[in-house]
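What follows is one structure encoded as structure tokens, with my remarks underneath.
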Amino acid sequence: MVIDFMNTELTVRQLVAREEKTVDDITFHLHRHLDNDFIVKDIRFVDRDGREQHYEERVRALSQARFEEYFHMAGLRLAEVLGDYHLGPYDEQTSPRMIFVLKK
């Protein structure tokens, strides 16, 4: 089994609080922040019909240690942790991903 998740430690450290992105002539206003154990992204924009749109994305900020607790509780054994899609080793300080390779 493989589970792919963001490297939470790096993501929180590099969190961009406010950002604007324009895609197909629509400007998206993004606001990111940490709320308890969640990384929250607030997305606002005006659609092509002139209606204001608002979405919120919430992702639990799970650490490697927390994942390992969950794996243990589920009876899974951690075989390897990779840090990117090139299958490089995981480094909490620099890896963009936490890719867990698990066995039953």
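The values are calculated or read from the model by the stated rules, or taken from the named source; none is laboratory data. Note that the coordinates shown come from a computational prediction; the quantities given were computed from them, not determined experimentally. Virtual Cβ from ideal backbone geometry, glycine too; neighbours counted across all protein chains shown.
Which of the residues that make up segment 75-98 are in a strand (DSSP E or B) and either surrounded by 16 or more Cβ atoms within 10 Å (Cβ to Cβ) or in contact with a helix residue (DSSP H, G or I) (Cβ under 8 Å, 6 or more places away or on another chain) (or both)?
Arg77, Leu78, Val81, Leu82, Arg97, Met98
Among the candidates Phe5, Phe28, which residue alone is under 29 Å from Lys104 (Cβ atoms) and aromatic (Phe, Trp, Tyr)? If you could, list the steps in order and put the result at the bottom.
Numbers: Phe28 fails: under 29 Å from Lys104 (Cβ atoms).
Sole residue among the options that is under 29 Å from Lys104 (Cβ atoms) and aromatic (Phe, Trp, Tyr): Phe5.
So if I check each of Leu10, Leu102, which one is of a type in the set (A, V, I, L, M, F, W, C) and under 19 Å from the mean Cα position of the chain (by Cα)?
Criteria check complete, one pass: Leu10.
Just for segment 18-41: of the residues that are of a type in the set (A, V, I, L, M) and under 30 Å from Glu68 (Cβ atoms), which one is farthest from the chain's Cα centre (by Cα)?
Leu34
Within segment 21-47, which residues are outside any strand (DSSP E or B), in contact with a strand residue (DSSP E or B) (Cβ under 7 Å, 6 or more places away or on another chain) and farther than 25 Å from Asn7 by Cα? Before you say what the answer is, go through the steps one by one.
Restricting attention to segment 21-47, the residues satisfying the condition of being outside any strand (DSSP E or B) are 24-25, 36-37, 47.
Those left that are additionally in contact with a strand residue (DSSP E or B) (Cβ under 7 Å, 6 or more places away or on another chain): 37, 47.
Within segment 21-47, just Asp47 meets the criteria.
Just one of the numbered conditions (1) without any contact (Cβ under 8 Å) to a residue 12 or more places away in the chain; (2) over 15 Å from Asn7 (Cβ atoms) is not true of Gly88; which one?
Just one mismatch for Gly88, condition (2).
So how many residues does segment 30-80 have that are farther than 23 Å from Arg13 by Cβ and not aromatic (Phe, Trp, Tyr)?
Count: 19.
Answer with yes or no whether Met6 is at pLDDT 95 or above and either out of contact with any Pro (no Cβ under 8 Å at 6 or more places or on another chain) or under 19 Å from Lys103 (Cα atoms) (or both). I'd like the intermediate steps shown before the answer.
Numbers: at pLDDT 95 or above: yes; either out of contact with any Pro (no Cβ under 8 Å at 6 or more places or on another chain) or under 19 Å from Lys103 (Cα atoms) (or both): no.
So Met6 fails the test.
Given the condition surrounded by 12 or more Cβ atoms within 10 Å (Cβ to Cβ), out of contact with any Ser or Thr (no Cβ under 6 Å at 6 or more places or on another chain) and among the hydroxyl-bearing types (Ser, Thr, Tyr), answer yes or no: does some residue in segment 14-35 qualify? Steps first, answer last, please.
Of the residues in segment 14-35, the ones surrounded by 12 or more Cβ atoms within 10 Å (Cβ to Cβ) are 15, 26, 28-34.
When the remaining residues are screened for being out of contact with any Ser or Thr (no Cβ under 6 Å at 6 or more places or on another chain), the result is 15, 26, 28-34.
Pick out the ones that are also among the hydroxyl-bearing types (Ser, Thr, Tyr) and you get none.
Taking every residue of segment 14-35 in turn, none turns out to be surrounded by 12 or more Cβ atoms within 10 Å (Cβ to Cβ), out of contact with any Ser or Thr (no Cβ under 6 Å at 6 or more places or on another chain) and among the hydroxyl-bearing types (Ser, Thr, Tyr).
Within segment 60-74, take every residue that is of a type outside the set (A, V, I, L, M, F, W, C) and in a helix (DSSP H, G or I) and give me the one that is surrounded by the most Cβ atoms within 10 Å (Cβ to Cβ).
Among those that are of a type outside the set (A, V, I, L, M, F, W, C) and in a helix (DSSP H, G or I), it is Gln64.
Could you run through segment 59-78 and say how many residues are of a type in the set (Phe, Trp, Tyr) and either free of Cβ contacts under 8 Å to residues at least 60 places away in the same chain or touching a Lys or Arg at 6+ places or on another chain (Cβ under 6 Å) (or both)?
2
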